[in-house]
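Here the structure comes first, spelled out in structure tokens, and everything after it is commentary.
The values are calculated or read from the model by the stated rules, or taken from the named source; none is laboratory data. Bear in mind that the values here come from a model prediction, so they are computed numbers and not experimental data. Backbone-built Cβ (ideal geometry, glycine too); neighbour counts: all protein chains shown. Ligands, DNA and RNA are excluded from the accessible area calculation, which covers all protein heavy atoms including side chains. Shrake-Rupley method; radii C 1.70, N 1.55, O 1.52, S 1.80 Å.
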Amino acid sequence: MPPNDAPTTPSHQRAAGELEIGIGRDGLRHLFQAAPLRALFPTPEPGETPAIAIVNTAGGLAGGDSLRIAVSAGQGARFTLSTPAAEKVYRSLGPDSRLHCTLAVEDGAALEWIPQETILFDGARFTRRIDAELGRDARLLAAEAVVFGRPARGESFTRGLYRDAWRIRRQGRLLWADGVALDGPEALENPFGFGGAQAMATLLLVDDRAEALLPALREAGCPVTLPRPGLLLLRWLGGAASVRGLLGEAICRLRAVALGLPPRLPRLWTT
């Protein structure tokens with residue numbers, strides 16, 4: 001057959017990273033990792049629970065990349081997961097960048113899921129889903145923050161897509177469902193939408209004692225609500241630096257009163 005001289009569309013290499021972590025009361029029980037995801041185990045500071053640093057060795061997410069993270073905290077386990085830096089989602093040529101996280105926290109376990117912020121470059125397309133399943137008296141402190149554009153470089157998020165979905169269950173019963181769908185800048189500028197905010201952050205505490213913490217948090221000026229018994233919700237919109245600072249302060253306060261940890265951010269956030 002004669003050679004086909006028609007030009008071909010170049011295919012770009014896409015990352016499909018996976019990370020599975022299982023921790024029990026006695027330490028690490030299971031670890032599987034596929035590039036570009038890696039787990040590091042820094043020495044915890046005095047008074048801290050064991051920490052796990054989740055690293056994307058690619059330095060960010062390009063269009064078409066997909067990451068899957070599965071975390072399991074066995075009965076009585078206590079540990080913290082964070083990231084050593086903000087995650088970057090680069091401008092896409094069309095496909096979405098995807099991240100799916102599943103968190104399983106068994107009876108008597110306590111898990112902190114507090115990665116640093118995700119930065120959406122102008123033109124990024126990012127879809128994220130977080131599913132958490134908790135045992136009878138398990139506790140979860142979970143935070144996520146997203147920055148629209150790169151404010152330090154004067155870049156705004158003028159085009160692209162951001163979709164985020166949360167589902168949190170206790171013993172199979174739905175506790176919390178939330179979703180964000182942002183396609184283009186209109187919602188960012190709308191005074192009844194994001195009101196021109198550069199960043200958004202969400203902080204959740206699932207704890208049967210959550211209602212008792214409300215008065216102190218409100219007295220401290222935290223934007224906190226109790227959507228249902230056993231679930232505290234805090235959310236911020238505003239400038240990127242301000243949102244990061246307020247989220248960090250709230251994490252310090254909640255991890256101290258709810259988890260009995262030092263009222264400070266993990267070293268990964270500050271070094």
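Conditions (1) at pLDDT below 95; (2) open to solvent by 80 Å² or more (accessible area, probe 1.4 Å); (3) closer than 19 Å to Leu99 by Cα, marked per residue:
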{"site": "Pro2", "(1), (2), (3)": "yes, yes, no"}
{"site": "Gln13", "(1), (2), (3)": "yes, yes, yes"}
{"site": "His30", "(1), (2), (3)": "no, yes, no"}
{"site": "Leu37", "(1), (2), (3)": "no, no, yes"}
{"site": "Thr43", "(1), (2), (3)": "yes, yes, no"}
{"site": "Thr57", "(1), (2), (3)": "no, yes, yes"}
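Among the residues of region 60-106, how many are open to solvent by 30 Å² or more (accessible area, probe 1.4 Å), among the small types (Gly, Ala, Ser) and more than 29 Å from Ala256 (Cβ to Cβ)?
3
Would a scan of region 188-206 turn up a residue that is surrounded by fewer than 15 Cβ atoms within 10 Å (Cβ to Cβ), hydrophobic (A, V, I, L, M, F, W, C) and in a strand (DSSP E or B)?
Scanning region 188-206, I find no residue that is surrounded by fewer than 15 Cβ atoms within 10 Å (Cβ to Cβ), hydrophobic (A, V, I, L, M, F, W, C) and in a strand (DSSP E or B), so the answer is no.
Take the residues in region 129-168 that are more than 17 Å from the chain's Cα centre (by Cα) and among the charged types (D, E, K, R), then tell me which one is least open to solvent (accessible area, probe 1.4 Å).
Glu155
Please specify each residue of region 239-256 satisfying the condition of being among the aliphatic types (A, V, I, L, M) and open to solvent by 80 Å² or more (accessible area, probe 1.4 Å).
Correct list: Ala241 only.
Quick check on my filter: what residues within region 219-271 are of a type in the set (Gly, Ala, Ser) and either farther than 22 Å from Trp166 by Cα or touching a Phe, Trp or Tyr at 6+ places or on another chain (Cβ under 9 Å) (or both)?
Within region 219-271, Ala220, Gly221, Gly239, Ala240, Ala241, Ser242, Gly245, Gly248, Ala250, Ala256, Gly260 qualify.
If we scan region 107-126, do we find a residue that is among the basic types (Lys, Arg), assigned to a strand (DSSP E or B) and surrounded by 22 or more Cβ atoms within 10 Å (Cβ to Cβ)? Talk me through it step by step, then tell me what you get.
Applying the first criterion (among the basic types (Lys, Arg)) to region 107-126 yields 125.
The next check asks that each one be assigned to a strand (DSSP E or B); those that pass are 125.
If we keep only those that are surrounded by 22 or more Cβ atoms within 10 Å (Cβ to Cβ) too, we end up with 125.
Checked region 107-126: at least one residue is among the basic types (Lys, Arg), assigned to a strand (DSSP E or B) and surrounded by 22 or more Cβ atoms within 10 Å (Cβ to Cβ).
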